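Asker: Questions regarding the structure given below will be posed in turn.
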Amino acid sequence: MSKKILEVENLRINVLDGTPLVKGVSFRVCKGRVLGIIGESGSGKTMTCKAIMQLLSKKNFDISGKIEFKNRNMLDMKEKEINKIIGKDISMIMQNPMTAFNPMFKIGNQIIETLMTHSNITKKDAYDIGVKELEKMNLDRAHEIMNSYPYSLSGGMLQRIMIAISLMLTPSVIIADEATTALDVKTQSLILSEFERIRDNDIGLIVVSHDFGVIARIADDVIVMKDGEIIENGTVYDIFDNTKDDYTKELLSARLLRKEVS
Amino acid sequence: MLRTINLGRDYYVKDKNGSKTKVEAVKNVCLTLNENNSYSLVGESGSGKSTLAKLIMSLEKPTTGEIYLDNKNIALMRKKQLRILRSDFQMVLQDSYSALNPKMKIYDSIAEPIRNFEKLTLIQEKETIESLITKVELPVSSLKKYPYQLSGGQQKRVCIARAIATNPKFIVFDEAVSGLDVTVRKKILDLLLKLRSDIKSTYLFITHDIDVAFYMADNIAVMKDGEIVEYIKNIKSLNGFKHEYSRMLIDSLPPLYPKQRDYQEAI
């Protein structure tokens, strides 16, 4: 049995006026395993991820339940403690790589800034780590990339840089929220291979998607969400072979079946 | 019906020093599109698919080559002459929100092409628009709304209704279903297949997803760096593709079942 890193228990998110967004969600993330979260737009997938990342302001949302990281409930922690964990131990890769970077700064600056905020190293060291990690991501000409602005790189490249940055801080959990949705099939396949590599490094991965193809390719465990609730969960083989819920069946039927598969 | 001969389009890009370099976005494309048929054009981002679409739609002039629509070379035509022909070819774009005028009600958005090409009385116009909106499976009440009040899938349906309003012979879909939720995507694709059997026009489906291309069309052209590298008529299965690049596109597709994953990793 692999070791659990993050456990979410009975997570509820309400808007302050009482509208429920997430209604009691529980799951756990284990070392070296990929948890797939699938559901349509508006099913609460992203809200759950944001709650884990503590991105939801208490001024607007009422969050209850438990988000346990290393046996401590993050919802009870003080802001200072949370800041030490978020970004370093738990990091998130967003859907749109184009808007995730600051367009006014060179990639190198943004990498160095991130590294220096979280660890005590010199600028020179940060640069070297940056180049090394970019090269690990199969990005050639890392020095050139460090010196370019986000607009001059393609979406697939930016997304890989994003993954590289999140890996630099050696997190134990990475949340990929629709990280491949905006990319074309070829780049998606490349990014998914990188995810496989991350998983083999004993990192717990949460992959959020609306595409069962992505889930079939990478997930070990799957939860299906609809209207803020988990309606089905199990291993990826269970979900595909013994589908119980009608909604899951509907999602599965949305795949374009090839008449023959090579 | 539509034939392109050695179609090419160059762009000039300025580099840091201000000197121009030539980029050939489309080179030597020879395609023949027949009436009442369906075609797909597949390729990754930057392969020149959209440029080719713009050339065929006469939104851009080709640098070299000819485009014949029913034996008339539209590449040489003037704007005024083209305008008469425009009702014969329509286009559906990827981003439907920016394709619709945010200040126009859905009714007027759909009515615009009809008002441009046909003289109808108000009652006839209303009847046509209502029948169009039911064809794309939207409630008649949505005609009174503005684009921002509709979801992405509904906006797409409005764009489709607008495209079929003039009974075009030929419709180009440029990444029309990319960026939609998979469930919505399936519904839109099925709607398009159903419409095609009604309106009998030719579809050219441009996409980066070979799955979608295969689902939508009988004839598939694969494009790379501005050239068509493989063209298969009446395709029966994805196994029909032989070119290295097409195989690569197929291998990048996510598996349908988790069991195929182990097989894929082995490659």
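Asker: May I ask for the percentage of alpha-carbon pairs in region B:49-185 that lie more than 23 Å from each other?
Answerer: Tail of P(r) above 23 Å: 39 percent of Cα pairs.
Asker: Residues of region B:147-188 with the amide nitrogen closer than 12 Å to a label point 7 Å from the Cα of A:Ser253, along Cα-to-Cβ, please.
Answerer: Only B:187 pass the distance filter.
Asker: What's the long-distance tail for chain B, i.e. % of Cα pairs beyond 36 Å?
Answerer: Considering chain B, 19 percent of its Cα-Cα pairs are separated by more than 36 Å.
Asker: Multiply the residue gap between B:Ser237 and B:Leu76 by 0.36 nm, knock off their C-alpha separation, and tell me the result in nm, one decimal place.
Answerer: 54.1 nm
Asker: Summarise the accessible area of chain B (1.4 Å probe, protein heavy atoms) by the percent that is carbon and sulfur.
Answerer: 49 percent
Asker: Which order do peptides A:42-51, B:107-116, B:77-86 fall in by mean Cβ count within 10 Å, highest first?
Answerer: Highest-to-lowest ranking by the protection proxy: A:42-51, B:107-116, B:77-86.
Asker: Another one. Go ahead and estimate [θ] at 222 nm for chain A from helices alone: -39,500 (n - 2.57) per DSSP H run with n ≥ 4, summed, over the residue count, rounded to 500.
Answerer: That comes out to -11000 deg cm²/dmol.
Asker: Counting C-alpha atoms alone, how compact is region A:55-172: give Rg to one decimal and Dmax as a whole number, in angstrom.
Answerer: 15.9, 46
Asker: Within 10 Å, count the other beta carbons around each residue, average over each peptide in B:248-255, A:171-178, A:3-10, B:156-163, and list them highest first.
Answerer: B:156-163, A:171-178, B:248-255, A:3-10
Asker: Additional query: Relative to the isolated chain, which residues of region A:190-225 have their accessible area cut by 40 Å² or more in the presence of all protein chains (1.4 Å probe, heavy atoms, no ligands or nucleic acids)?
Answerer: Hits at the 40 Å² cut-off: A:His210, A:Ala216, A:Arg217.
Asker: While we're on this one: Quick one: check the C-alpha center-to-center distance for region B:32-103 versus region A:120-169, whole angstrom.
Answerer: Distance between centres, Cα-based: 39 Å.
Asker: A further question on this structure: Based only on the alpha carbon positions, what is the Kirkwood hydrodynamic radius of region A:191-251, in angstrom?
Answerer: 12.4 Å
Asker: Same structure again: Rounded to the nearest 5, what % of DSSP beta bridges with both residues in the protein assembly as shown are antiparallel?
Answerer: Close to 55 percent.
Asker: In whole Å, what are the extents of chain A along the principal axes defined by its C-alpha atoms, from largest to smallest?
Answerer: 54, 53, 38 Å, listed from the longest principal axis down.
Asker: Which value, in Å to one decimal place, does the Kirkwood hydrodynamic radius take for the protein assembly as shown when every pair of different Cα atoms is included?
Answerer: Hydrodynamic radius (Kirkwood, Cα only) of the protein assembly as shown equals 25.4 Å.
Asker: Estimate for me the total accessible surface buried between chains A and B (protein heavy atoms, probe 1.4 Å, no ligands or nucleic acids), in Å² to the nearest 100.
Answerer: Interface between A and B: roughly 3400 Å².
Asker: Which stretch or stretches of region A:132-163 have amide N atoms under 13 Å from the point lying 7 Å from A:Phe105's Cα along the Cα→Cβ direction?
Answerer: Hits in region A:132-163 for A:Phe105 at 13 Å: A:150.
Asker: Multiplying the sequence separation of A:Leu55 and A:Glu144 by 0.36 nm and subtracting their Cα-Cα distance, what value in nm do you get?
Answerer: 28.8 nm is the gain from fully extending A:Leu55 to A:Glu144.
Asker: Quickly estimate the mean residue ellipticity at 222 nm for chain B, helices only: each DSSP H run with n ≥ 4 gives -39500 (n - 2.57), and the total goes over all residues, rounded to 500.
Answerer: Rounded to the nearest 500, it is -11000 deg cm²/dmol.
Asker: Just counting partner chain Cβ atoms within 10 Å, what average do the residues of peptide B:171-184 show around their Cβ?
Answerer: Partner Cβ neighbours, averaged per residue: 3.
Asker: How large is the accessible surface per residue of chain B, computed with a 1.4 Å probe and reported in Å² as a whole number?
Answerer: Each residue of chain B exposes 49 Å² on average to a 1.4 Å probe.
Asker: How would you rank B:144-150, A:181-187, highest first, on the average number of other Cβ atoms within 10 Å across their residues?
Answerer: A:181-187, B:144-150
Asker: Further question on the same structure: To the nearest 20 Debye, how big is the dipole of chain B about its Cα centre, given +1 on the beta carbon of each Lys and Arg and -1 on that of each Asp and Glu?
Answerer: Computed about the Cα centre, the dipole is about 840 debye.
Asker: Compute the accessible area per residue over region A:97-170, keeping the other protein chains in place, probe 1.4 Å, unit Å².
Answerer: About 54 Å² of surface per residue is accessible.
Asker: If you place +1 on the Cβ of every Lys and Arg and -1 on the Cβ of every Asp and Glu, how big does the dipole about the Cα centre of chain A come out, in debye to the nearest 20?
Answerer: 580 debye
Asker: Separate question: Carbon-plus-sulfur fraction of the accessible area of region A:97-170, 1.4 Å probe, in percent?
Answerer: On region A:97-170, the fraction of accessible area on carbon and sulfur atoms equals 54 percent.
The values are calculated or read from the model by the stated rules, or taken from the named source; none is laboratory data. The structure presented is a predicted model; accordingly, all values stated were derived computationally and were not measured. Glycine also receives a Cβ, built like all others from the backbone with ideal geometry; neighbour counts cover every protein chain displayed. Ligands, DNA and RNA are excluded from the accessible area calculation, which covers all protein heavy atoms including side chains. Shrake-Rupley method; radii C 1.70, N 1.55, O 1.52, S 1.80 Å.
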